[in-house]
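Right, one structure below, let's go through it.
The values are calculated or read from the model by the stated rules, or taken from the named source; none is laboratory data. As the structure is a prediction and not an experimental result, all values here were calculated from the model. Reconstructed Cβ throughout: ideal geometry from the backbone, glycine too, with neighbour counts over all protein chains shown. Note: areas computed on protein heavy atoms with side chains; ligands, DNA, RNA excluded. Shrake-Rupley method; radii C 1.70, N 1.55, O 1.52, S 1.80 Å.
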Amino acid sequence: MADVSKEPARIAGMFDAIAPRYDLLNHLLSAGIDRYWRRRAIRSIGLTGRERVLDLCTGTGDLALAARQARPGAARVVGVDFAGAMLTIGMEKVRRAGLERAIALVRGDAMRIPVADASVDAVTIAFGIRNVEDPDAACRDIARVLKPGGRLVILEFAIPTNRLFRVVYLSYFRHILPRIGRAISRHDAAYGYLPASVGAFASPSAFMNLLRKHGFHDVSADSLTFGSVFLYTAKRLEV
Ligand SMILES: C[S@@+](CC[C@H](N)C(=O)[O-])C[C@H]1O[C@@H](n2cnc3c(N)ncnc32)[C@H](O)[C@@H]1O
């Protein structure tokens with residue numbers, strides 16, 4: 001059984017180690033569908049071109065880039081992650097896109113976000129909350145940094161509920177994906193950790209309750225790709 005401990009140094013070290021192959025494996029293992037999931041997430045914010053967006057657990061910056069490059073896109077995006085090697089690759093992508101003035105990638109912790117109170121219009125997280133040691137602390141801090149009425153959008157993997165699809169999916173997710181991941185990333189644990197951490201993460205209804213506990217309303221969870229991914233959306237109270 002893979003180790004699902006979320007100790008920050010372990011998680012940051014694991015992502016630092018796989019950073020050079022992270023994007024390639026993301027697109028390969030999801031057959032490119034990850035781009036669609038990110039586009040759906042950004043579309044759900046309903047950007048107008050004026051917003052300041054915070055992308056937590058930004059990794060190599062794909063969601064931060066999607067937020068800025070959408071039409072209309074965010075005015076400004078700040079991406080936060082604690083894995084320096086992931087950010088280095090993200091910064092190179094931002095530079096290549098000529099977006100250094102619109103996207104800043106910053107090293108920091110999603111449980112102690114290095115951003116002022118009530119200062120962002122939307123917070124996004126793609127496939128990151130599952131890796132955060134204390135999602136409760138992260139949700140509390142997200143509520144702190146969002147402006148009243150601000151939007152929260154989270155993508156996260158889940159175990160599909162359809163019985164037939166689940167059998168096929170789990171055999172891929174638990175047996176084939178870790179082998180491909182290990183061969184390409186040359187990291188023994190990371191792609192065994194992925195399915196194990198999805199299995200250990202909160203169910204969609206439990207996660208929606210956590211968001212409500214932190215004062216979010218209009219909380220919803222939309223199933224994507226046969227329930228293998230959920231798109232959570234919520235609003236911070238207008239006070
Ligand atoms: C699976 S990657 C997702 C990256 C990116 N959002 C994407 O869609 O490709 C998860 C990222 O979460 C980051 N992470 C996990 N816990 C974190 C925390 N407490 N604070 C900041 N970053 C964290 C990891 O370093 C890693 O880059």
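Below is a table of values for the structure above.
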read-out: Subset of the stretch 62-86 [under 16 Å from PRO8 (Cα atoms), open to solvent by less than 10 Å² (accessible area, probe 1.4 Å) and either in a loop (DSSP other than H, G, I, E, B) or without any contact (Cβ under 8 Å) to a residue 40 or more places away in the chain (or both)]; value: VAL80, ALA83
read-out: Check on PHE165, of a type outside the set (Gly, Ala, Ser) and at pLDDT below 95; value: yes
read-out: From the options GLU133, GLU100, residue that is within 9 Å of the ligand (Cβ to nearest atom) and either out of contact with any Pro (no Cβ under 6 Å at 6 or more places or on another chain) or at pLDDT 95 or above (or both); value: GLU133
read-out: Residue among PHE207, PHE165 that is open to solvent by less than 40 Å² (accessible area, probe 1.4 Å), touching a Phe, Trp or Tyr at 6+ places or on another chain (Cβ under 7 Å) and touching a residue at least 12 places away in the same chain (Cβ under 8 Å); value: PHE207
read-out: Residue count, the stretch 18-31 (criterion: small (Gly, Ala, Ser) and at pLDDT 95 or above); value: 1
read-out: Index of the failed condition, THR58 passing every other in (1) within 11 Å of the ligand (Cβ to nearest atom); (2) crowded, with 18+ Cβ neighbours inside 10 Å; (3) in a helix (DSSP H, G or I); value: (3)
read-out: Residue in the stretch 113-130 that is surrounded by the fewest Cβ atoms within 10 Å (Cβ to Cβ), counting only those that are more than 9 Å from the ligand (Cβ to nearest atom) and under 16 Å from the mean Cα position of the chain (by Cα); value: ALA122
read-out: Tabulated pairs, the stretch 129-151, first in contact (Cβ under 8 Å) with a residue 24 or more places away in the chain and acidic (Asp, Glu), second within 12 Å of the ligand (Cβ to nearest atom) and in a helix (DSSP H, G or I), C-beta under 8 angstrom, 6+ apart or interchain; value: GLU133/PRO8; GLU133/ILE11
read-out: Residue in the stretch 25-33 that is more than 16 Å from LEU194 (Cβ to Cβ) and either within 12 Å of the ligand (Cβ to nearest atom) or in a loop (DSSP other than H, G, I, E, B) (or both) present; value: yes
read-out: Among the candidates ALA70, ALA85, ALA74, ALA9, residue that is over 15 Å from the mean Cα position of the chain (by Cα) and either within 8 Å of the ligand (Cβ to nearest atom) or closer than 21 Å to PHE201 by Cα (or both); value: ALA9
read-out: Residue that is farthest from MET111 (Cα to Cα), among those in the stretch 14-33 that are free of Cβ contacts under 8 Å to residues at least 60 places away in the same chain and of a type outside the set (A, V, I, L, M); value: GLY32
